[in-house]
Each structure stands twice: as structure tokens, then as C-alpha cells.
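Written out below as C-alpha cells is the structure these notes cover.
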Ligand code: UD1
Ligand code: CA
């Protein structure tokens, strides 16, 4: 079946009280818009078109960053949801098959729900996704008669009696593309908000003798984000769902309620995630890896058998091969750690390659930034970097080489060599006792007030 998905993302989102367009606010480390795009993509549609308006350049850039295949169209000015859909008319004029309208401010809709809507199209020309709201607030109300949807009434236009209806409109609508486009062309703005409401297409369709129906879903899916409070609610709802999915997939979460997953987090079976682990975007963890408590991970890949943390920070470009061990208070950025590398404690590794089975001592720092440019550190296989080595990049340490503790390494150390770059030690017998005796007599003299 050919499907086009239209994602509405032009609205300002006044109630967010923000300079950032609403659809770029994040849930699970991803803009609301990307949640809608991910849901759209799950249907393997032939087209995805995002309607932009408020801060269109930023919203379009975010859409195309998600995928080059996403098309965008400008709605200017923004005169309502039907007017927004009408903007895709020329793009989708010849698109066969079904159209689904998603709102970019509604991030929790599931693929199964959309598939149920496509199935329901066998029974109705227009299918609307509805839900029973515990708190119907300002959602549009669905006016039904048995299995038939008669109308969607916006809260502002509803009579007091209609306002008591708790069956609400999620915003998601499905119809044949050409029917949808011909209906939105007929919508007018004769209502309380002077807006072109997409919801009016239900009554317009019925006047043409077409039927409309409702597919129901859980209200956890249809939460529309209009305020910061709803953004926080959406985050909480996403996390509950994502944690449950991870557990279901065979991941151990020691304290699930303290783990925050991102939209694109991927964790393999039998991985173990400790308490208070935070995932930013772009993290993949292979089966059997272990992340101990209080780690922050972003843009990194952790292979089978690796252990990380507690209290480690992996930043974008951190690539950990199998059986790597990264311990506490270690930060890694843009670095490849080959199999079996050990970095136990208190270390910064940035812009580096480290060969297999190399050991990095506590307090090692790759000095990668000279204030203007970044430089790389290359360390070979089975090398041993002594504690508190400063590796002033660009610098290369060969296979099997060693650096002495406390060295400031500014020159390459060839394979199997030892690099020592520190002052030689001087030892003065008895000097400590003489110094302390002298200091004690000074203190005693001061106490006597002399
Ligand atoms: C809309 C529905 C309401 C439903 C609710 C569910 C209409 C008229 N009302 O109300 O029935 O219960 O969603 O959350 O559709 N947008 C545009 N261009 C515009 C206006 C809006 O692209 O000119 C986009 C917004 O960016 C947003 C979406 O459409 O992603 C919904 O707009 P919003 O103003 O939030 O609609 P609601 O008042 O919440
Ligand atoms: Ca809304």
C-alpha cells in the first residue's frame, strides 16, 4: 500500500513561552519533530512531507538532518491545521494511495496504532484517531453516533454540553490522499479562532456522503505537547515505554526508573545497565556489555563484553571494541579504543586511537587542543602509559612502548621504547626532620608573642 505522511510543524507553540519553535523542544534527547518522523518512517511511506512555518529554516534543517528524503513545504502565514495540509496539495497532487496527517507536537503515537487506522480505511473514507481523555482539557471533542463519527468540535466552538464529551481528537487523520486534499480545499475559517480547522473535514466528508470513523488508542499515546508541563509529561511517558521495551528485549536495568533512554538508543540482549545512567542521542550497546551507575553516554558505540563506569562520560565518536574496560571518572571523546584496552581511572582521552590491550594509567590526559586546533594522539598495541602522563598531541606512541609516570610527552615514542619526560629526583637525607624542627620553633616563638 502506498502511503504519504504529512507532518504538521508550522505552529508557533505560544504556550511553551520559548524562543525555540515548539517542535524542536526535546523529549528523549530528540526534537518532538523527530519522534513524529520516526513514527512516520515505521510505515515505510513513499513520501514524508513536513509543513513548516514558524522558524521555518530551523525546522526544515532539523527535518532534513533526520533524513535527506524528507520533503518540506512552507506555510506562511499559519492559518490553521487545514490550511497547513492544503500547502502540500501541489507536492502530493499525483500521489496515489493513503495520506496520514501527524502533528509534530504529538510524539508518542505508535506504529501499530497507525496500522490500525490504515486497516480501518476499509470501513470509512475518513479515519480519525481518538482517545478517552481523563482530563479532556482543550482537545477537540469527537461527536459520534454508534460507529460513525459525525463531527469534531474544537473546544473553543463547543457547546457546554459538547464540552462534557471525553472522547477526544488526537489530531491524527487518515484518508485517501486525493480525498483529503479536495476536502481541505473546502474548509473555511468561520469559527471562534478564525482558523482553517482540519477537523472540519469530517462534516464536509459526510455532506458528500462519505463515512467517517474512529480508531481508539490509549491516551498515553496521544499526549499533545503545548506547554512545558506537557513536555515533561511526554518525557516521563516516553521513558516508561522505552524502559519497558528494553526489559522486554532482554536488557537488565537494575533501577529502571533512574535510567533515561534516548529516542534512538539501541541496547543488545543481556547488556546490563546500572542505576542513574543517562543516554544522549546516538548510543549503541552490544549484547553483554555492562554500563555501571552514573554514566553519561552520547554518540558512542560499546561492543560486546566491554565494561564502563561507574561515573564515566562517553562523548560523540567514542568507539569501544570488545572487552574494553573504562573505569570511574574517565571521559572519552572522538576516540577509537581497540579490543581489550584498559583505562581504569581519572583520565581524559580525546581525538585518539589506542591499539589493542594497551593500558592507560590513572590521570592520563591527551592534550588535544592547543587553543586553536585539535590534534590526534596515536597509541599502538600493548603499550603502557604511566599514570599522569600528559600526551601533548599530535603525538604517536609505538606498539609495546612505555611512558614513565608523570611524563609530559611532546615527542613521539617509538615501538618498544620508554619515554621519560620529567625532572630527575633529588633526595636530601635528614632534611625533612630539620625543616619540621625549624618550623615548629617559629610557631612556638609566635605563640609566646615575641
Ligand atoms: C489540534 C486539533 C484538536 C486536537 C489537538 C490534539 C485542530 C483544529 N485541532 O488542536 O482537535 O484535539 O490538536 O493535540 O486541528 N500547525 C500548523 N499550522 C497551523 C497550525 C498548526 O502546522 O497553521 C501544526 C502545529 O505545529 C502542531 C499541530 O499543527 O504541530 C497542531 O496545532 P495546535 O495549534 O497545537 O492544535 P491544537 O489547538 O492543539
Ligand atoms: Ca497541540
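Computed from the coordinates by the stated procedures, all read-outs in this text should not be read as laboratory data. Everything numeric in this text was worked out from a predicted model, so none of it was measured. Counting neighbours? That spans all protein chains shown, and the Cβs are built from the backbone with ideal geometry, glycine included.
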Quiz item: How are the Cα pair distances of the stretch 13-149 distributed, in percent, across 5 Å bins from 0?
Solution: 2, 8, 17, 21, 22, 16, 10, 4, 1
Quiz item: Rounded if a/c is under 1.5, else prolate if a/b is larger than b/c, else oblate: which is the stretch 214-321, with a ≥ b ≥ c the root eigenvalues of its Cα gyration tensor?
Solution: prolate
Quiz item: Expressed as an acute angle from 0 to 90° and rounded to the nearest 10, what is the orientation of the C-alpha long axis of helix 56-66 relative to the principal long axis of the chain?
Solution: 70
Self-check item: Exposure proxy ranking, count of Cβ atoms within 10 Å, fewest first, for 273, 152, 409
Solution: 409, 152, 273
Self-check item: Beta bridge orientation in the chain: antiparallel %, DSSP, nearest 5
Solution: 20
Quiz item: Where is the GNM fluctuation largest for the chain (alpha-carbon springs, 10 angstrom cutoff): 58, 271, 423?
Solution: 423
Self-check item: the stretch 55-84-the stretch 216-253 distance, computed between alpha-carbon centres (Å)
Solution: 25
Quiz item: the stretch 272-349 to the stretch 370-430: how many Å between their Cα centroids?
Solution: 24
Self-check item: For the stretch 330-406, share of DSSP beta bridges that run antiparallel, in % to the nearest 5
Solution: 5
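Once you have a ≥ b ≥ c as the square roots of the Cα gyration tensor eigenvalues for the stretch 120-200, tell me rounded if a/c is under 1.5, and otherwise prolate or oblate according to whether a/b is larger than b/c. Numbers along the way, then the final one.
On the way: a/c = 2.12, a/b = 1.21, b/c = 1.76.
Oblate, since a/c reaches 1.5 and b/c is not below a/b.
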Self-check item: the chain - mean residue ellipticity at 222 nm from DSSP helices (-39,500 (n - 2.57) per run, n ≥ 4, rounded to 500)
Solution: -6000 deg cm²/dmol
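If I take R0 = 22 Å and measure r between the Cβ atoms of residue 163 and residue 186 in this structure, what FRET efficiency does the formula 1/(1 + (r/R0)^6) give, to the nearest 0.05? All intermediate terms of the calculation are to be shown ahead of the outcome.
On the way: r = 26 Å, r/R0 = 1.20.
Here the calculated transfer efficiency is 0.25.
So if I take the alpha carbon set of the chain, get Rg, then get Rh from the Kirkwood formula, what is the Rg over Rh ratio? Intermediate values should be presented prior to the final figure.
Numbers: Rg = 30.3 Å, Rh = 25.7 Å.
With Rg and the Kirkwood Rh in hand, the quotient comes to 1.18.
At 0.36 nm per residue, minus the direct Cα-Cα distance, what do residue 436 and residue 122 gain on full extension? Give it in nm, one decimal, please.
Numbers: separation 314, 0.36 × 314 = 113.04 nm, distance 9.32 nm.
Gain on extension, residue 436 to residue 122, equals 103.7 nm.
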Practice problem: Please report how far the C-alpha centroid of the stretch 90-126 lies from that of the stretch 1-46, rounded to the nearest whole angstrom. | Solution: 15
Exercise. Considering Cα pairs under 8 angstrom that are at least six residues apart, work out the relative contact order of the stretch 6-61 and quote it in whole percent.
Key: 49
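Before anything else, pin down the relative contact order of the stretch 279-425: Cα pairs under 8 Å, at least 6 apart, normalised by residue count, whole percent. Numbers along the way, then the final one.
Working: 507 pairs, mean separation 18.1, N = 147.
It rounds to 12 percent for the stretch 279-425.
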Quiz item: Helix 228-248: angle to the longest alpha-carbon principal axis of the chain, degrees 0 to 90, nearest 10?
Solution: 70
Quiz item: Top mean-square fluctuation among 417, 255, 432, Gaussian network model of the chain, C-alpha springs under 10 Å?
Solution: 432
Quiz prompt | Three-way shape label, the stretch 318-393, alpha-carbon gyration tensor, a/c 1.5 | solution = prolate
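If I take every Cα pair under 8 Å that is 6 or more residues apart in the chain, average their sequence separation and divide by the length, what percent do I get for the relative contact order?
Details: 1145 pairs, mean separation 38.6, N = 450.
Computed value for the chain: 9 percent relative contact order.
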Exercise. Please determine, in degrees from 0 to 90 and to the nearest 10, the orientation of helix 431-447 with respect to the longest principal axis defined by the Cα atoms of the chain, where the helix direction is its Cα long axis.
Key: 80
Quiz prompt | Most fluctuating residue given options 396, 427, 177, as computed from a GNM of the chain linking Cα atoms under 10 Å | solution = 427
